[in-house]
Amino acid sequence: LGTELESLKFIFDLQQEIFFKTAVKGRQVENDLVEVLSAYARSKNYKDEILHQGELVGALPSNKTGDIVIKVNRSESAKIVIESKFDKAKRLGLPQDVDPFAKSDTAVGQLLEAAVNRDALQAIIVFDREIVDPKLEAEVGNIKFLPSVGFVCLVESQKGDFTNLLLAYDLAR
């Protein structure tokens, strides 16, 4: 019994450590994206305000969806929301392909939720090409605009290539 208990304690501690590292990695990725977007905005002389919002509840109760909010020309009424998914692979989730009984969320679902939660006119979801679902990658390529939903884009963070995100940002503006 003592050995079993020790083994269960070890597994619990390991899961806690993995959870903590994932949360820290998510915050770091979001901070990195804010830095990349801010540097780009300065280079283009945009007067946008770029805010990290991933730890703040938005308009929906208890909901933190929408990691980065960009106030275009510092306007409260012209906002772009960016949701980063560097820790999970998701399906695209076009309406005709969605299983209504599936419990997992999709990129389309996250885009819609982020836009509502952050009261944004445009939404972007960004995935790292290293962990993206292969089917989503095939459907998106580099960047895809879904009318009335938003942009889905793939970046290569390990290589420092955020070109597709910057393109989506320009188009959303």
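Points to keep in mind about this one:
- Cut-off 10 Å between beta-carbons: net charge of the residues surrounding TYR169, Lys and Arg +1, Asp and Glu -1: 0
- Between the beta carbons of GLU139 and LEU171, assuming R0 = 22 Å, the FRET efficiency works out to 0.75 to the nearest 0.05.
- With 0.36 nm allotted per residue and the present C-alpha distance subtracted, the GLU156-LEU121 stretch has 10.0 nm of extension available.
- Coordinate range along principal axes, alpha carbons of the range 112-165, Å, largest first: 32, 22, 16
Quick note: the coordinates plus some simple rules give every number you see, no bench work behind them. Predicted model only: the values in this text are computed from it and were never measured. Cβ sites come from the backbone with ideal geometry, for glycine too, and all protein chains shown count toward neighbours.
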